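Asker: Submitted below is the structure of interest, expressed as structure tokens.
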Amino acid sequence: MQAVVYTEYGSPDVIRIKEIETPVPLDDEVLVEVHAASVNAYDWHFLTADVFLIRLMSGGLFRPKNTTLGADVAGKVTAIGKNVRRFKPGDAVFGTAKGGTGGFAEFVCARETALELKPTNASFEEAATLPIAGSTALQGLRDKGHIAPGAKVLIHGASGGVGSFAVQIAKSFGAHVTAVCSTGNVEQARRLGADDVIDYTREDFAAKPNFYDLILVANGDRSLFEYKRALAPNGICVLAGGTSGSIFKIMAGMLMAWCISKTGSRKLRSFMAKITQSDLAAMKALIESSKVKPAIDRCYPLQDAADALRYLGQGHARGKVVITMQRGANPIDR
């Protein structure tokens, strides 16, 4: 089968499309014929090792130990392990690849617990966008932010993958949503359902002190003190995902957030999403109820995976970037 392979850390120029052996599922695993895979910052970090912690997490200090990429996938089950009960060959599914790698390929193995049946009203391309970005937005708002109906919620970085889901999920909870994005993404934020939109090139959200009950930082570079100042009493700021830089910079940022939270009633929390079958099911329900619709910016064929990663790395994607296994695949094909 064809797959994206890289043997050294670096820019997208280091990846190659190669023929490798089709994986064989273990007893609790499912073999998926991949129809689409979405590109995440997660993949960029593992490719470039721009966060030094990645080298420790992956077990490859000087070069990658796992040489494939791609966590989020959608496709059809082609084989199952002997202990798998929830799925059968032919089922359309979405979820995360085994070990969070290998999804940029024609076939991939995934654990049964890391998959869910594809939403009936979503394409494979749309379903592939859900696991990491959707779960991050959902868990950040619900579990870490304790979102409630009527809450004043600010989504900082509302035009990206996590942010575009967060705007819609926050609205599904009955919140009043303010989206922060650049000029070119204002209309998209409004289409996603934001009640108010702040163009950060023209207006400063932090100029409204003690205002928001919940701030979800999907992408942003403001100081932790500015986020805290914009919170209402007892408000919560959730920092979704990691950031680039050394392990010392990351740890220092987490420590600072913890220290700031110890003073006053306003809280700052950072987290990394954990993909669970229950939350994949929750995202499926949101899609099937038409409360959430994935925002796809661009689709690339597998042969152009380097271009897909390069575009994501530029930091200007409006919604999600998707890799398809069929050249010219249409995001609305089901």
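The values are calculated or read from the model by the stated rules, or taken from the named source; none is laboratory data. Because the structure is predicted, anything quoted here is derived from the model rather than measured. Note that we place each Cβ from the backbone using ideal geometry, even for glycine, and neighbour counts take in every protein chain shown.
Asker: Give me the pairs: first residue in segment 202-228 and more than 18 Å from residue 177 (Cβ to Cβ), second residue of a type in the set (Gly, Ala, Ser) and in a strand (DSSP E or B), beta-carbon distance under 7 Å, and six or more apart or on different chains, which are they?
Answerer: Sorted first by the residue in segment 202-228, then by its partner, the pairs are 210/232.
Asker: A follow-up question, please. Consider segment 67-104. How many of its residues are in contact with a helix residue (DSSP H, G or I) (Cβ under 9 Å, 6 or more places away or on another chain), surrounded by 24 or more Cβ atoms within 10 Å (Cβ to Cβ) and of a type in the set (Gly, Ala, Ser)?
Answerer: Number satisfying all stated conditions: 7.
Asker: Sticking with this one: Scanning segment 258-274 for residues that are modelled with pLDDT of 90 or more and part of a loop (DSSP other than H, G, I, E, B), which turns out nearest to residue 211 (Cα to Cα)?
Answerer: Of everything passing the filter in segment 258-274, 273 is nearest to residue 211 (Cα to Cα).
Asker: Are any residues in segment 299-325 assigned to a strand (DSSP E or B) and surrounded by fewer than 17 Cβ atoms within 10 Å (Cβ to Cβ), and if so, which ones?
Answerer: Listed by number, the list holds a single entry, 301.
Asker: Please tell me if residue 242 is at pLDDT below 95 and either part of a strand (DSSP E or B) or not aliphatic (A, V, I, L, M) (or both).
Answerer: Yes: the conditions hold for residue 242.
Asker: Further question: Of the conditions (1) in the same structural domain as residue 230 (by TED's automatic domain parsing); (2) of a type outside the set (Lys, Arg); (3) in contact with an Asp or Glu (Cβ under 8 Å, 6 or more places away or on another chain), residue 159 clears all except one; give me its number.
Answerer: Failed condition: (3).
Asker: Let me confirm something: among 219, 210, which residue is outside the structural domain of residue 319 (by TED's automatic domain parsing), within 15 Å of the chain's Cα centre (by Cα) and surrounded by fewer than 23 Cβ atoms within 10 Å (Cβ to Cβ)?
Answerer: So the residue among 219, 210 that is outside the structural domain of residue 319 (by TED's automatic domain parsing), within 15 Å of the chain's Cα centre (by Cα) and surrounded by fewer than 23 Cβ atoms within 10 Å (Cβ to Cβ) is 219.
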